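A quick write-up on the structure given underneath.
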């Protein structure tokens, strides 16, 4: 029954200038109707390209006109602002740097909600404070639209190859519709629960990731100084209870693994500054929910200190370098 | 006679291409000659039993006579002190609670080194400060004996089932001889490098383990308070970069996994007090080698605070309970 | 009319030696005109009483009617909501528990700004996020009113005896007018700079206070366990570079000083929960300004863990008790 | 002869009601007999000079011959090693960098205890692990000598001007004799209790000092970034509960105070490396006594990270610079 209603909803939501009935009826059928995209940065750009590649007409915008060029050349229609995107598309994906940008893109004077259509599906893939996601969802709901949070894990590489993981929060009935679009850009699309839980899952994962990375760096550094061979130590940890993603998949010590930033002077990968930002979100949500996160909090401070000392743009595994004795000391 | 054979052994053992009669009497053949065992506590007891099970005559001692009963009934010969063990056996395993005990058992008035024979192989499976292992090795070497450190991972269960992992440090030429004995008690015997590196590997692993466990507990607690289902969150972490042994094998949240202490009110497993002790060792070695270990250090402090607040004998995954809001608050 | 007077005030207020008729109508003369007060909790109550004591007619409101009783009996006029207070008074003091309350009291449907008069002086003594103070000031300014932040240090006792310290942020020209009112309730009124700096100073002080208190508790506990007499250790610290307010004025160890909560089972004083709240604000502002505060952050986490373990309502010096070994261990 | 006098002294010194001729020859009379001094480094040098200045014949030694020159020119007699010092003087002061040096100088092959005379008074002013002090005291006692620990606070300047503070642990009956000598080099000589408590007091003070300094640096940095004037913020803290020695006497922010290292590019003062060493001692004693010191532990780690990043030789107040955003970021 919900499906039927949703069908009706779609009808209204998408019957712009009348397409035929069947076409209008379900989003999954409507897969070739336009998809809006706001935010064409390092991540948004390859994501929008993957939508185009899957045959979706894309209507996009970005505050920096030069960011729009590439997708425009690939066939996307560029408009002036988020409100215009909402005027032309009833499924919109947003990918923005931080909470204030999201607030502005949705609720600002030229924001999506100024022209959003009833029944629209708004998917925000930014990593932001879950309480902001909830606010946006409430504001969208008042206008008859559905807002879902769907932050990603995986970096620019995964965005390009369409291998992102999406963690999705929002009304469960809309998950199938969201998944259809997100599957064009990601290999995993996981439903997490009510709105905000996508952000929660993302933030939780990254907090534990940061703890694991710093912990691995400290441990490898200590072991090396105690006379252990780094490769051997990594092997021992990885067959024991010290094993973690940072030790077995993304080892921070140069020479232990190939194809990771530690082997390339910590270039590429996931920047320290971005990790510091995510840890700031984790800290904020922990503070707001009065949850003690002692190691998460210290991890945040360490990445913050690293930013202050010139590591902002290095991969977050460079904490190994930060902790290691400077040469010549 | 054993001493003579040992002498031959050492000679040949270090000159492997030279095989003669003496070789026949080497340790691999001599496997039915006596093995000494000092320290019959929770871990030492099942370890000694496994030696007996493999057909080794065992000569053992412990400061607590009642600890000796069980292995005596199984055929071990009990003597008064470590010196007497050394008088009768040229391969000795020690399993003791802490550095001072090891110092006493080796160098005390009734210590092993008082009567150790030239060519003896002394294997210490205690978890202690690697610098103490080095001291013991130096003292043994002066008397013509070989000391190796071989701390274990795996608890009482692994000790009983002979599934321990041994991390071995010491002269590489003696590793084969050590492995022969240790294989009776463990499933993995890993050579780590010079003396002390077994301890180093053990300490490093447990430091990273503690960081991962507290990090997992913080993360799970935060996620739950943000509205995520604990099982779902664990699943998401385990398929993402937050994955670690504590999240996928020993999850600290009651109800997420079966067969782990969190499902049994944190009974059994690896006690908080023991983890605090290992973290103290990690801290000491880090301090002595002037290595920064910020998360390892905070993990130590958290387990120390838990001991002060009544968690000493609970499994170390009870940090989840420690961080979670008390009911009724 | 008030608006006109306000105009005069400003003029004269900036031309102190020039006293004429207009002056008579200024705030300093107008001291017997009504003062609004919103928030009659543990702190607001005695503060409002002190205004009454100094002869100011008070118009007050609180969400809990029973909180209004006492000041009503002392002559204050009670109205239904903040908007009505603003309708009747052009100088208003607010004293509320947290940022959301302040946002609601100022900008909510029955908020002060709904009926605020041009030229009104709005002084918020709540301890909140400085960025919220700035927002309130901007909103007030649009309506021609002046908003200042003036959080206090000193607890309920200082509020009763009129000995609070006010840290004031806002337009410097209005400081004199603010000081006139605040002096009825406090012994020190310090001008800190632009709007929000009052909060900043308060937050900074309390962060350093928390660090000093935990640090003193750790240090005293360590010293006692190393065999030092607590009074002697306090004396040595206080004549040395370890000296701080927590060691020389508010020592957390029972028996070292008289008249402090440590001598009274940590009752009274400044609750752990309140300290945790202030540290949460410090953490938020630090995160927002990307400032590393490692010890401040850990202090926050420790007070948060204490709240989770049943210390929420004890004085914040009870961290000594939290860190000390439980008896019987 | 000195030995004889010392013998008399001890007799009388411990039998206070029995005053006779021998008493006249006690240490206070014997003040012009020789004093031994081992360790003529940055601190030992000016200390020995002050003894000479007060008329004491000094017999000294140091592992670096060039360190002996200056005091030799001022009249001190230089001998080859600590044992020879002990052969010629029955009151000896030692001032050494760390625990291993102290162990060697007392118990090594050419150590003091090889030739120490019965009744000798041995005062160690090094900052070391209190458990080492206890070991030395026990070893000295077996030979009929008295060992006291008397670490100092105050740096090279205070050593030169004779304004050090000595914190003394040991047998109370010998405190008067120790004080007589120490008063030539220090302004305060405080009796702390049994042997080791002098070290405990020193370590405790420096741990709290480090916490206060980092806390002050974080707080000042945060306040400045929130728009507060540094001098004003320092003033507010110093009149409030955030006050501490680091905020009111040794402020780490350039320009806030004069005559402190922050005003001189953090040159001079108390080096980060030395603070890290003292915090390592605090950490070790806390670990050994199973005392939780979360902030002390993190302070240690921060100073350790600073050493790794090139701050080893800057004054410990340079933590302000370490935490502050690098210019150009």
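The values are calculated or read from the model by the stated rules, or taken from the named source; none is laboratory data. Note that the structure is predicted; figures quoted are calculated from it, not measured. Neighbour counts are summed over all protein chains in view; Cβ atoms, including those assigned to glycine, are modelled from backbone coordinates with ideal geometry.
Listed here are the residues, each with its yes/no results for (1) touching a residue at least 24 places away in the same chain (Cβ under 8 Å); (2) more than 14 Å from every other protein chain (Cβ to nearest Cβ); (3) closer than 18 Å to residue D:203 by Cβ.
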{"position": "D:112", "(1), (2), (3)": "yes, yes, no"}
{"position": "D:126", "(1), (2), (3)": "yes, yes, yes"}
{"position": "D:143", "(1), (2), (3)": "yes, yes, no"}
{"position": "D:159", "(1), (2), (3)": "yes, yes, no"}
{"position": "D:167", "(1), (2), (3)": "yes, no, yes"}
- line: Considering the range D:173-208, residues that are within 7 Å of chain C (Cβ to nearest Cβ) and over 15 Å from the mean Cα position of the chain (by Cα), and then whichever is surrounded by the fewest Cβ atoms within 10 Å (Cβ to Cβ), we arrive at D:194
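Residues checked against (1) over 24 Å from residue B:129 (Cα atoms); (2) touching a strand residue (DSSP E or B) at 6+ places or on another chain (Cβ under 6 Å); (3) in the same structural domain as residue B:35 (by TED's automatic domain parsing); (4) at pLDDT below 95:
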site	(1), (2), (3), (4)
B:178	no, yes, yes, no
B:206	no, no, no, no
B:211	no, no, no, no
B:217	yes, no, no, no
B:221	yes, no, no, no
B:224	yes, no, no, no
query: Is there a residue in the range D:151-165 that is outside any strand (DSSP E or B) and on the phi > 0 side of the Ramachandran plot?
result: yes
task: Could you list all residues from the range A:236-272 that are surrounded by fewer than 18 Cβ atoms within 10 Å (Cβ to Cβ) and either within 19 Å of residue A:309 (Cα to Cα) or in contact with a strand residue (DSSP E or B) (Cβ under 8 Å, 6 or more places away or on another chain) (or both)?
output: A:239, A:265, A:267, A:268
query: Given the structure, is residue B:212 within 11 Å of chain A (Cβ to nearest Cβ), out of contact with any helix residue (DSSP H, G or I) (no Cβ under 6 Å at 6 or more places or on another chain) and crowded, with 19+ Cβ neighbours inside 10 Å?
result: no
message: Taking the conditions exactly as written (over 27 Å from residue D:279 (Cβ atoms), more than 12 Å from chain C (Cβ to nearest Cβ) and surrounded by 24 or more Cβ atoms within 10 Å (Cβ to Cβ)), does residue D:116 satisfy them or not?
response: yes
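Residue-by-condition table, conditions (1) under 16 Å from residue D:64 (Cβ atoms); (2) touching a helix residue (DSSP H, G or I) at 6+ places or on another chain (Cβ under 6 Å):
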| residue | (1), (2) |
| --- | --- |
| D:82 | yes, yes |
| D:90 | no, yes |
| D:103 | no, no |
| D:129 | no, yes |
| D:136 | no, yes |
- prompt: Among the candidates B:316, B:320, which residue alone is more than 13 Å from chain D (Cβ to nearest Cβ), farther than 21 Å from residue D:277 by Cα and within 22 Å of the chain's Cα centre (by Cα)?
  reply: B:316
query: Within the bounds of the range C:289-311, is there any residue that is more than 9 Å from chain D (Cβ to nearest Cβ), part of a loop (DSSP other than H, G, I, E, B) and either under 26 Å from residue C:151 (Cβ atoms) or touching a helix residue (DSSP H, G or I) at 6+ places or on another chain (Cβ under 8 Å) (or both)?
result: yes
task: Could you please find all residues in the range C:312-321 being crowded, with 24+ Cβ neighbours inside 10 Å and either part of a loop (DSSP other than H, G, I, E, B) or without any contact (Cβ under 8 Å) to a residue 40 or more places away in the chain (or both)?
output: none
query: Which one is surrounded by the most Cβ atoms within 10 Å (Cβ to Cβ), of the residues in the range B:217-231 that are touching a helix residue (DSSP H, G or I) at 6+ places or on another chain (Cβ under 6 Å), more than 7 Å from chain A (Cβ to nearest Cβ) and over 20 Å from residue B:299 (Cβ atoms)?
result: B:224
Among the residues listed as B:170, B:144, B:154, the single one being outside the structural domain of residue B:246 (by TED's automatic domain parsing), surrounded by fewer than 23 Cβ atoms within 10 Å (Cβ to Cβ) and under 16 Å from residue B:92 (Cβ atoms): B:144
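Out of the residues in the range C:273-288 that are within 7 Å of chain A (Cβ to nearest Cβ) and either touching a residue at least 60 places away in the same chain (Cβ under 8 Å) or over 19 Å from the mean Cα position of the chain (by Cα) (or both), which is surrounded by the most Cβ atoms within 10 Å (Cβ to Cβ)?
Once the filter is applied, the top-ranked residue is C:287.
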